Amino acid sequence: MQQRISKFNRILKIREDSRRNEQAILASERSEERAVINHINQLEQEKTQAIRDFSTTGAKMISANDLWFQRQFIDAINTDISKGQENLNEVRGRIVKTEARLVERHKDVRIMETYIDHLKAINFQEQLGLEQNELDDVATMQFSRKEEES
């Protein structure tokens, strides 16, 4: 029984390692998500500033080329924001998948822990039974000796 418990403890360790790996991947993906969100926010601020600059140039005399370049700059920022949103959606999709795998790993660990606890309880009951049998044998021998002496 101890060998079975040891065997399943080794399996449990492997499953716990797998769960820790998934947790590390999830932490990495969440960090990446925060970085992408920060980048998108930075681009949004740049866009706001560029639009503000574009709208204030109406009072000044500037060339059509300058207006076109300012508009192109705003369009480039919009393109970067769109790419950032796509990247964010991709990262969030990976996070959802990693969370699902992590839940499965956690379930596997819990099942294994429950089974090992069950084996330990059975082993404990068997040990108690063996001890009780030994005590019964000792009591029987002592009772037999007292009967022989009488």
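Values quoted throughout were computed directly from the atomic coordinates according to the rules given, and no laboratory measurement underlies them. Predicted, not measured: the structure shown is a model, and the values here were computed from it. Because the Cβ atoms are built from the backbone with ideal geometry, glycine has one as well, and the counts that use them run over all protein chains shown.
Taking only the stretch 20-78 into account, find how many residues are in a loop (DSSP other than H, G, I, E, B) and in contact with a Gly (Cβ under 8 Å, 6 or more places away or on another chain).
Qualifying residue count for the region: 0.
For the stretch 31-52, what are the residues that are touching a residue at least 40 places away in the same chain (Cβ under 8 Å) and exposed (fewer than 15 other Cβ atoms within 10 Å of the Cβ)?
Ile37, the sole residue that qualifies.
How many of the residues in the stretch 19-30 are without any contact (Cβ under 8 Å) to a residue 24 or more places away in the chain and either in contact with a helix residue (DSSP H, G or I) (Cβ under 7 Å, 6 or more places away or on another chain) or closer than 13 Å to Ile95 by Cβ (or both)?
Of the residues in that region, 2 qualify.
Please specify each residue of the stretch 1-13 satisfying the condition of being within 29 Å of Lys97 (Cβ to Cβ) and surrounded by 13 or more Cβ atoms within 10 Å (Cβ to Cβ).
Within the stretch 1-13, Phe8, Ile11, Leu12 meet the criteria.
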